[in-house]
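See below for the structure under consideration.
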Amino acid sequence: MKILHCPLNGPRNISEFVYGGQVKPMPNPESATDTEWAAYVFYENNSIGVVQEWWLHAPSSYWFIVERHNGSDTILRTYDPSELLSNPGMVSLEDAIQ
Amino acid sequence: MPFGLLKYGLGKDYPFEREPDLPATPTLKQHYDVVIIGGGGHGVATAYYLAKYHGITNVAILEKAYLGGGNTARNTAVIRSNYLTPQGVRFYSESVKLFERLSNEFDFNIMYSQRGQLTLAHTDATVRAFRQRAEVNTHFGGRTELIDPHHIAELVPTLNLNPANMPVLAGLWHKDGATARHDAVAWGYAKGATQRGVELHQLTEVIDIIKEGDRAVGVKTNRGTVHCRSIVQAVAGYSAVLAGIAGFKLPLVSYPLQAMVTQPVKPFLDPLVSSSALHCYVQQTSRGELVFGGGSDPYPLYNTRSTLELKESLIAHAVEMFPFMSEMQLLRQWAGITDMTSDYSPIMGLSPLRHYYLDAGWGTWGFKATPICGQTMAELVANDGKVPDLIAPFALDRFDHFKQVNEMGATAASH
Ligand SMILES: Cc1cc2nc3c(=O)[nH]c(=O)nc-3n(C[C@H](O)[C@H](O)[C@H](O)COP(=O)(O)OP(=O)(O)OC[C@H]3O[C@@H](n4cnc5c(N)ncnc54)[C@H](O)[C@@H]3O)c2cc1C
């Protein structure tokens, strides 16, 4: 059984959680062109390395952030999204480490 | 001829040719007309048709590990064409037709076995979707019909018609459904291609793409640098990684897909059976083993580890369908990395780089398309990038124009 550490509920079986996609900055839906919007909706980095992702603890409907290595399946860090959202521009981890 | 047999049994002479089916990896030249990255079924089929139909034989297949050791070796070998969209059905039907004559064409037995595929509906909504699939399939010349539970019980007497308290309401009976020995498909194509002069380079990994402006002109590998006129990438789960090396993104997310196989038992199950609600499909191989699989892993990963969660849930569902399976023992379990598109259709054709062609996004359903992918990719390369009609709907830029070809409902449960 793989354990994911939920910032709200503590260590839980990973089957209680739902993967919610890679963290990426959202373009303004009012002003984005179709191509920009398509890029946001369909394209992800999908490279091998550390990824920053949205996860949901389904029983408590709580969304949070997971940093994970998608080659070794090691969970590096989990935290409340306020940490990310308080960061202006919502810089993603991949951008930050480049 | 018992005496003849005895003579050969005791003698040192072997009555048949001893030529190996495949030549050893040759030295890598500095230039080829075409480089194919990925020695899975799709890559070797492309090389085969380039040589056979277009006379292009100065071709190198570069494979980082060994021939057909990727998803070609890991799939559960379901071959069918009962998809939902006209674009999809037209394409997969051509592949089924090619499969039917492949053993003859190769003079090599791929153990193609057309036993029909049965998908079970447990809700009214699924029955309606099945009606549509039967109509579309019939329209394009496939053999698919909706059948009732009595007919299902006749076809598969051992099936539980009330699995997990979800009564089977109807079945989509696809007579063209089949299976084949997946390794033999790769070997047959590789043998036919190398006999015509194509070079198969195993243990040769592409680590960089050489570009001049917006044009791809060669590749760097662990065994040296190669220049070429055209490049085809057919690397399944690693499609996005290779595209990243080439300098562009693909709308793909890579997930592990796991499957398993039991010990062999006497033949009892002829059709391939899958349940849309239980997300589980079961078939008996010609060796008697039960192969079964289900949905993808719940989150993206580039790692072929096996999980207890998948084993538990998949076995639970398989045992609901065939309760006596609880008496059987598992023989093997494995995973492959699958490159998933959001519309469950592939990405084939042109890329942002000129002379660099894509055969990607084959996710959990690309084995059945191996022959037609090879044929259409070869045509694309031979005609210098003129996209064949059959694969035009699967262009990469469909995502930029919101023109997806939605096959999710017809793919997720049975690949
Ligand atoms: C468990 C499972 C069950 C499946 N069941 C079915 C099914 O029932 N029916 C169906 O139709 N499909 C099924 N599929 C999907 C199917 O297996 C694949 O879509 C198909 O095999 C893809 O073939 P391919 O030749 O493109 O890829 P592969 O066979 O994976 O070949 C790609 C090759 O590229 C090589 N490669 C990668 N990167 C590099 C590099 N940088 N340089 C050189 N070589 C490289 C790899 O080593 C690999 O050998 C299943 C998949 C899995 C994992």
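The table that follows gives values for the structure above.
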read-out	value
Beta bridges per DSSP with both ends in the protein assembly as shown, % antiparallel, nearest 5	75
Contact order normalised by residue count of chain B, Cα under 8 Å, 6+ apart, percent	23
Neighbouring partner chain Cβ atoms per residue of A:29-39, average, 10 Å criterion	2
Kirkwood Rh and Cα Rg combined as Rg over Rh, evaluated for segment B:173-311	1.05
Neighbourhood charge, 11 Å Cβ-Cβ cut-off, centred on A:S60 and excluding it, Lys, Arg +1 and Asp, Glu -1	0
Diffusion constant of chain A at 25 °C, which comes from Stokes-Einstein with the Kirkwood Cα-pair radius and 0.890 mPa s, µm²/s	168
Length-normalised contact order for segment B:36-119 - Cα pairs under 8 Å, 6+ apart - percent	22
Options B:H54, B:L380, B:T179, ranked by Cα towards positive dipole end of chain B, top entry (Cβ charges)	B:H54
Evaluated at q = 0.12, 0.14, 0.24, 0.25 Å⁻¹: base-10 log I(q)/I(0), Debye formula over Cα of segment B:98-173	-0.45, -0.58, -1.05, -1.09
Subset of B:K64/B:K368; B:K211/B:K386; B:K191/B:K386 violating a 25 Å alpha-carbon distance limit	B:K191/B:K386
For segment B:35-131, convex hull volume per residue from C-alpha positions, Å³	145
HN-Hα J in Hz across segment B:347-354 - Karplus 6.51, -1.76, 1.60, θ = phi - 60°, x for Gly and Pro	10, 10, x, 7, 10, x, 9, 5
GNM flexibility winner over chain B from B:F399, B:F91, B:F324 (Cα, springs under 10 Å)	B:F324
Segments B:298-310, B:28-40, B:370-382 sorted - mean Cβ within 10 Å per residue, highest first	B:370-382, B:28-40, B:298-310
Average beta-carbon neighbours from other chains, 10 Å sphere, peptide A:61-70	1
Translational diffusion of segment B:79-133, µm² s⁻¹ [Kirkwood Rh, Cα pairs; Stokes-Einstein; 4 °C; 1.567 mPa s]	99
Neighbourhood net charge (10 Å Cβ-Cβ; Lys/Arg +1, Asp/Glu -1) for B:L301	0
Semi-axis lengths (Å, descending) of the ellipsoid that matches the C-alpha gyration tensor of segment B:312-364	39, 12, 7
Inter-part distance where segment B:294-312 and segment B:163-209 are each reduced to a Cα centre, Å	21
Within 10 Å of each Cβ in B:292-304, the average number of Cβ atoms from other chains	4
P(r) weight above 39 Å for the protein assembly as shown, C-alpha pairs, percent	28
Charge context of B:M260, other residues only, Cβ under 9 angstrom, K/R +1, D/E -1	+2
Binned Cα-Cα distance frequencies in chain B - 10 Å width, integer %	5, 22, 31, 24, 13, 5, 0, 0
Vicinal HN-Hα couplings computed from phi for segment B:268-282 (Karplus, 6.51 cos²θ - 1.76 cosθ + 1.60; Hz; Gly/Pro x)	9, 10, 8, x, 7, 10, 9, 10, 5, 7, 7, 6, 8, 9, 9
Distant-in-sequence amide H partners of B:T85 (H built 1.01 Å from N, under 5 Å)	none
Most mobile of B:S103, B:S345, B:S296 in a GNM of chain B (Cα contacts under 10 Å)	B:S103
From the C-alpha gyration tensor of segment B:58-99, square roots of 5λ in Å	27, 15, 9
Hits among aspartates and glutamates - C-alpha to C-alpha of B:K311 under 19 Å, sequence gap 8 or more where chains match	A:E16, A:D73, B:E289, B:D297, B:E320, B:E327
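Just so you know, all these numbers are worked out from the coordinates, no wet-lab data involved. Since this is a predicted model, take the numbers as computed values, not measurements. Reconstructed Cβ throughout: ideal geometry from the backbone, glycine too, with neighbour counts over all protein chains shown.
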